[in-house]
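K.L.:
Have a look at this one before I ask anything.
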Amino acid sequence: KSQDVKKLEPAAILWCRVPGAPMMSGMADDGVSVQVSEKFLMRNDYCQTYVDSGMRPQNYIRDLDYSNRYSEYPKIERLIKLKDEILAKRATPAMSLKCDLKNFDLGSLGTKFDVVLVDPPWEEYQSRVAGMYVPNEDLSYWSMEELRHLRVGDAADTQSFCFLWCGETHLENGRELLKRWGFRRVEDICWVKTNRLAKTDHSGKVERPTLMYGDTSICQRTKEHCLVGVKGTLKRSVDTHFIHANCDVDLIMEEEKVFGSTEKPKEIYETIEHFCLGRRRLELFGLDRNLRDGWLTLGRGLTTSNWNKAAYLSWFEGDGQWPEVKDYKGGRLLGSIAEIETLRPKSPVRPGRQRSKTPIRSLRDKPSSSHSGGRRDRGGSGGGGGGGGGPSNSHNHDDDFDKPLPEDLGEMAPPLPRDDGVRGQ
């Protein structure tokens, strides 16, 4: 009855017809068929699907699989293929070192690294399983005080990157650690977890939800964060011998791992390798599942060690790079080719700036130590401004060109708590 219909919320009314009454017009006010609108509104109500079945809305995003993601973008697909071919041939054999990072000196490795990937044993990993046993996982956690003493900055080169997994609840802790280790946060990669492969019962409902709850949670948590920090100053439009920005996105859509697992998506490795052309890559707190060509993995949970310092250092001697060097022996840079430089996305040219005419640079083309050191001082001081000081006399750049772009500077972490017993940057 009309008086009953008025009691309903307008959003809840899709189509009302009294049995036995004549058919009303099949068109809604917006000109769309009511029957068609009702059909697709109900089918695409992914939030209600989640409530009814436990299947998450992100499960229904198209082309989640990495192999199919760029099928409709031939240029990006070609770019990734070319990069992967070079990476496969230039990747050093996987090396591992079983050690306790609480008392291991990272400086004893004998080299500085271009990329450091860290997945600390956060307290969150233990609390979210509520004391349940998780096979093949050591969920004993480090305190923030112990993580502050981890000298990641000692293992990172003057121009380098740190990728730091922070789970769901340790973002502020992660930002503090990045600054203490000598990095500025410039990016946040988010892993949104799907559960398309979750087991369902006879009614189609997920049998065992693996969502993480907490005393302070407002929403059901289905994601984790990886903060990206930069050490030194790098310009994406100039330092293309070392970084290729925008080849991948800052979002990873991948199936959630088994209950309680701290395993992370393999796609993070591909994102790092496509972005940073430095070949010296270090992963901390790794397990056997993290072993990968092109990486040195350290961790207490490793079951084997094949670390050979002399052999490892020999793989990066000289200035060779692709295409002059077509294997893993020689040079700390990956190298590139003209076709990659043509295909890869580039940042828009700002007014008053000119893009470098020599996009592929070798170690011999790097600025002098005095000039690069000056850039680092300007980029690393202050709170993320445009940088101070004038350009080097040996380079014909105006003041505006020499200042890093805001996206090159990144964001500064919150102020560190005063602690005279722990060394800062």
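The values are calculated or read from the model by the stated rules, or taken from the named source; none is laboratory data. All values reported here derive from a predicted model rather than from experimental measurement. Backbone-built Cβ (ideal geometry, glycine too); neighbour counts: all protein chains shown. Heads up: the accessible areas ignore ligands, DNA and RNA and are worked out on the full protein's heavy atoms, side chains in. Shrake-Rupley method; radii C 1.70, N 1.55, O 1.52, S 1.80 Å.
K.L.:
Taking all protein chains as present, what is the carbon and sulfur share of the accessible area of region 44-147, in % to the nearest whole number, probe 1.4 Å? Mind dumping the intermediate values first?
P.N.:
Numbers: 2890 of 5520 Å².
Roughly 52 percent, rounded to a whole number.
K.L.:
Right, another one. Tell me the carbon and sulfur percent of the accessible area for region 168-267, rounded to whole percent, probe radius 1.4 Å.
P.N.:
Details: 2220 of 4370 Å².
C and S fraction of accessible area: 51 percent.
K.L.:
Take the Cα atoms of region 218-333, build their convex hull, and give its volume per residue in Å³.
P.N.:
Working: hull volume 19.3 nm³, N = 116.
Considering the Cα atoms of region 218-333, their hull volume per residue is 167 Å³.
K.L.:
Now a separate question. List, in the order given, every pair from Lys309/Lys329; Lys75/Lys326; Lys81/Lys326; Lys98/Lys264; Lys83/Lys329; Lys235/Lys309 whose Cα-Cα distance in the structure shown is over 22 Å.
P.N.:
Numbers: Lys309/Lys329 14 Å; Lys75/Lys326 24 Å; Lys81/Lys326 16 Å; Lys98/Lys264 20 Å; Lys83/Lys329 18 Å; Lys235/Lys309 32 Å.
From the list (Lys309/Lys329; Lys75/Lys326; Lys81/Lys326; Lys98/Lys264; Lys83/Lys329; Lys235/Lys309), the Cα-Cα distance tops 22 Å for Lys75/Lys326; Lys235/Lys309.
K.L.:
Just want the answer: with Cβ charges of +1 for Lys and Arg and -1 for Asp and Glu, which residue in Trp295, Gly318, Phe275 is farthest toward the dipole's positive end in region 272-327?
P.N.:
Among Trp295, Gly318, Phe275, the one farthest towards the positive end of the dipole of region 272-327 is Trp295.
K.L.:
Determine one quarter of the surface area of the Cα convex hull of region 66-151, which equals its mean projected area, and express it in nm² to one decimal. Let's see the in-between values first.
P.N.:
Values: hull surface 37.8 nm².
Orientation-averaged projected area of the Cα hull: 9.4 nm².
K.L.:
Using θ = phi - 60° and the Karplus form 6.51 cos²θ - 1.76 cosθ + 1.60, what ³J(HN,Hα) does each residue of region 140-150 get, whole Hz, x for Gly and Pro?
P.N.:
The phi angles translate into 5, 10, 9, 6, 4, 4, 5, 5, 5, 7, 6 Hz.
K.L.:
Additional query: Which one of Cys190, Gly204, Leu171 has its Cα pushed farthest toward the positive end of the charge dipole of region 146-206, where Lys and Arg give +1 and Asp and Glu give -1 at the Cβ?
P.N.:
Gly204
K.L.:
A further question follows. So what is the accessible area of region 78-187 per residue, in Å², with the probe set to 1.4 Å?
P.N.:
Numbers: 4360 Å² over 110 residues.
Accessible area per residue, region 78-187: 40 Å².
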